Amino acid sequence: MTTLIDILSWVLLTLGGISVLIGGIGALRMPDLYTRMHAASVTDSMGATLVLVGIMLQAGWSLATIKLIAILLFLLFTSPTSSNALASAALLAGTRPLAESKQDRGGAQ
Amino acid sequence: MIVIFGVFLLTLLVITAIAIVRTDNLFVAVMLMGIASLLIAGNFFILDAADVALTEAAVGAGISTVLFLSALALTSERERSKSSRRVLSFTVVAAAALVLIYATFDKPRLGDPQAPVQTHVAPWYLENTPKYIDIPNVVTAVLGSFRGYDTLGEVFVVFTAGIGVLFLLGIGATPGALPKEQDNEGLRHYLIPRLVGRLVIPFILLFGLYVQFHGEYGPGGGFQAGAIVAAGIVLFALIEGERRALAVLPQRLLLGFMAAGPLIYGSVGIAGIMLGGNFLDYSPLSSDPVKGQHLGILLIEIGVGITVTGVLLSIFHAFAARGR
Amino acid sequence: MELLGLYHYWVFAILLMTGFYAVIAKLNLVKKLIGLSLFQAAVFLLYITMSKVDGGTAPIFSGAADAVFSNPLPQVLILTAIVVGISTTALGLGIVVRINEEYGSIEEDEIQEIDRR
């Protein structure tokens with residue numbers, strides 16, 4: 001049983017690490033602010049969730065698991081909000097997306 | 001063996017530090033400083049310093065970023081001139097770095113239990129904390145009781161910095177002088193940050209209280225709690241506008257907080273004298289000396305937390321009011 | 001094993017000198033304050049590196065009979081030092097804001113130019 005849990009948490013931690021790596025490569029290689037943010041959000045959502053669930057499996061039924069669940073909830077609430085705030089701030093500052101069409105430009109210029 | 005991970009974090013830290021110095025956009029430099037603080041906090045945790053990691057994360061990555069950004073909003077964002085005396089500075093700096101690296105070869109090995117620093121006073125503290133003070137967190141015991149005089153000085157330094165900034169930048173306009181309450185103050189028109197912020201702020205304040213009172217049983221204490229509570233209220237001020245934040249915690253109350261910390265701390269010290277002991281001796285505070293120590297540490301940590309909250313919030317409001 | 005500890009101290013030396021270079025070579029006042037912050041962080045790293053004990057844990061009693069603890073004393077010193085560092089940085093930023101209001105710039109050579117006139 002413990003071997004199964006160990007293997008499962010190994011798999012989850014490795015997948016989490018790969019998600020963070022993908023997010024990092026995306027944040028470097030994407031052409032535009034908005035696409036870079038989209039790539040970096042993979043780090044926050046997939047990476048954090050997989051790593052935290054992997055650690056929770058190792059912690060078993062203890063107080064540490066409840067604290068980890070609280071951390072996961074907090075991260076899931078705040079990181080999309082900060083991406084939203086960042087995108088709003090970028091729009092306000094005048095950074096236009098790379099792939100916008102003529103009808104996008106019509107409204108808020 | 002977990003110290004191996006420290007090598008990776010330290011390499012990232014050096015790269016970040018060089019990037020901070022080389023960039024000429026100050027906004028980018030401040031953001032990179034937040035990252036550097038977080039890397040240092042991670043390193044502190046790997047080196048078994050849990051309290052210090054918590055403080056560095058809360059103060060360095062949290063409050064320091066806010067203060068620098070408020071100052072950047074009042075001055076310019078870009079560094080205009082080129083550096084001066086580059087070759088001379090670089091030579092001096094490189095020579096000093098080489099001398100320091102040469103000196104590090106004489107240091108004891110990392111983690112050596114027989115190093116002089118580990119055999120002098122530390123074993124005494126580790127043995128006698130259960131006997132005299134009986135709280136699990138040795139760092140809080142040393143900070144609050146064995147070396148309480150230093151912490152009193154530190155509270156006074158925080159208080160002085162708060163007074164200094166208020167002298168320089170002024171207390172800010174009284175609420176009556178603010179323009180009429182406008183509908184677009186703060187981030188009111190942005191639904192998502194406002195909603196999630198209002199959801200999260202009570203939990204931030206609750207966590208600050210938890211950290212304050214659990215400083216004796218785990219990592220925590222007054223300084224970290226003050227920084228966390230101040231960060232929560234700064235978030236409130238950013239979302240709801242400064243008028244609302246000043247209505248919730250008016251400036252007079254913040255001034256009272258600033259002064260209350262050293263007052264509480266000094267009073268506990270003088271109470272020790274009046275009850276028959278020395279200055280900052282907590283044993284006479286109760287019939288059982290160990291209970292007296294608990295009571296003393298609790299009271300001074302409350303004083304420290306109140307002062308740090310008041311000072312950080314006053315400084316934030318002083319910077320924010322200057323731009324009006 | 002020796003190299004691991006030496007690496008920590010070398011990073012301390014490089015970080016110290018990077019912060020110091022920002023203080024002496026850059027002309028922007030806020031950049032100097034940022035360099036000073038880096039300098040302080042390097043000193044903190046030195047002290048906490050010195051306090052680590054092999055096989056130790058954080059100095060919090062948790063009921064285990066014969067646990068080895070890392071040295072608590074440098075941690076107390078650095079806790080104090082971090083808070084003092086942020087207080088002095090805040091005061092420095094207040095001074096920079098006032099200088100900007102009086103002189104109109106925060107670059108050292110422009111300020112000295114205005115002073116000379």
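The numbers here are math on the coordinates, done by the rules we state, and not lab data. This one's a predicted model, so the numbers in the text were calculated from it and none came from an experiment. Quick reminder, even Gly has a Cβ in these numbers, built from the backbone with ideal geometry, and neighbours come from all protein chains shown.
From the P(r) of the stretch B:1-65, can you give the percent of Cα pairs sitting at distances over 16 Å? Above the 16 Å cut-off, the stretch B:1-65 has 46 percent of its Cα pairs.
With neighbours defined as other Cβ atoms within 10 Å of a residue's Cβ, the residues B:Ile4, B:Ile135, B:Ile20 order from fewest to most as B:Ile4, B:Ile135, B:Ile20. Between B:Val28 and B:Ile171, the distance separating the two model label sites (each 7 Å from Cα on the Cα→Cβ line) works out to 4.3 nm.
Computed from the C-beta positions of A:Lys67 and A:Thr95, the FRET efficiency with R₀ = 22 Å rounds to 0.05.
Magnitude of the charge dipole for chain B, about its Cα centre and with charges confined to Cβ atoms of Lys, Arg (+1) and Asp, Glu (-1), is about 1140 debye. For the residues of B:135-143, the average number of beta carbons from a partner chain within 10 Å of their own beta carbon is 6. Helix content alone sets the calculated 222 nm mean residue ellipticity of chain B: runs of n ≥ 4 DSSP H residues at -39500 (n - 2.57) each, divided across all residues, give -23000 deg cm²/dmol. A full extension of the chain between B:Val7 and B:Val157 corresponds to an added length of 50.6 nm, given 0.36 nm per residue minus the alpha carbon distance.
P(r) of chain C in 10 Å steps, Cα pairs, percent per bin? Pair shares across the bins are 12, 30, 26, 17, 10, 4, 1, 0. Sorted ascending by nearby beta carbons within 10 Å, beginning with the fewest, A:Met30, C:Met50 become A:Met30, C:Met50. In chain C, helices alone account for a calculated mean residue ellipticity at 222 nm of -25500 deg cm²/dmol, with every DSSP H run of four or more residues adding -39,500 (n - 2.57).
Mean separation of Cα pairs under 8 Å and 6 or more residues apart, divided by the residue count, gives the stretch B:192-305 a relative contact order of 24 percent. When the protein assembly as shown is described by a simple charge dipole with +1 on each Lys and Arg Cβ and -1 on each Asp and Glu Cβ, the residue from C:Ala90, B:Val139, B:Ala245 located farthest towards its positive end is B:Ala245. Of the residues B:Gly62, B:Leu166, B:Leu295, the one whose Cα sits farthest towards the positive end of the charge dipole of chain B is B:Leu166 (charges of +1 on Lys and Arg Cβ, -1 on Asp and Glu Cβ, taken about the Cα centre). Cβ-Cβ distance of A:Ala59 and B:Ser267, R₀ of 41 Å, FRET efficiency by 1/(1 + (r/R0)^6): the value works out to about 0.45. Exposure proxy for B:Ile302, B:Ile163, B:Ile233: other Cβ atoms within 10 Å of each Cβ, ordered fewest to most, give B:Ile163, B:Ile302, B:Ile233. Here, chain B has an Rg and a Dmax of 22.7, 67 Å when only alpha carbons are counted. Mind checking which of C:Ile99, C:Ile60, C:Ile24 has the largest fluctuation in a GNM of chain C, springs on alpha carbons under 10 Å? Of C:Ile99, C:Ile60, C:Ile24, the Gaussian network model singles out C:Ile60 as fluctuating most. Computed from phi, the 3J(HN,Hα) profile of the stretch C:92-98 under the Karplus parametrisation 6.51, -1.76, 1.60 (θ = phi - 60°) reads x, 5, x, 5, 5, 4, 5 Hz, with x in place of Gly and Pro.
Between the listed residues C:Tyr21, B:Phe27, A:Gly23, the Cα displaced farthest toward the positive end of the dipole of the protein assembly as shown, a dipole computed from Cβ unit charges relative to the Cα centre, is found at B:Phe27. Think of each Lys and Arg Cβ as +1 and each Asp and Glu Cβ as -1; about the Cα centre, that makes the dipole of chain C roughly 100 debye.
Extending 7 Å from the Cα toward the beta-carbon at both B:Arg86 and B:Tyr217 defines two label points whose distance is 5.7 nm. Averaging the sequence gap over all C-alpha pairs within less than 8 Å and six or more residues apart, then dividing by the number of residues, gives chain B a relative contact order of 19 percent. Please state the charge dipole magnitude for the protein assembly as shown, taken about the Cα centre, from unit charges on C-beta atoms (+1 on K and R, -1 on D and E), reported in debye and rounded to the nearest 20. Computed about the Cα centre, the dipole is about 1320 debye. Rounded to two decimals, the Cα radius of gyration of chain A over 2.2 N^0.38 Å is 1.40. Taking the protein assembly as shown as the region of interest, the number of lysine pairs whose Cα atoms are within less than 25 Å, with members eight or more places apart or on different chains, is 6. Length, then width, then depth: along the principal axes, the Cα atoms of the stretch B:187-324 run 59, 30, 18 Å.
Using the Cβ-Cβ distance between B:Met274 and A:Leu75 with R0 = 56 Å, the FRET efficiency computed as 1/(1 + (r/R0)^6) comes to roughly 0.65.
If one computes the Cα centroid of the stretch B:34-53 and of the stretch B:195-268, what distance in Å separates the two points? If you average the Cα positions of each part, the centres end up 22 Å apart. Of all the Cα-Cα pairs you can form in the protein assembly as shown, what percent are over 39 Å apart? Cα-Cα pairs of the protein assembly as shown separated by over 39 Å account for 31 percent.
May I ask you to compute the full-extension gain from B:Ile35 to B:His189, defined as 0.36 nm times their residue separation minus their alpha-carbon distance, rounded to one decimal in nm? Answer, rounded to one decimal: 52.5 nm. Dividing the Cα radius of gyration by the Kirkwood radius, what Rg/Rh value follows for the stretch B:1-113? On the Cα set of the stretch B:1-113, Rg over Rh gives 1.04. Projection of the Cα convex hull of the stretch C:32-86, averaged over all directions and equal to a quarter of that hull's surface, yields 4.2 nm².
The distance linking the stretch B:77-100 with the stretch C:44-87 is 33 Å (Cα centroid to Cα centroid, whole angstrom).
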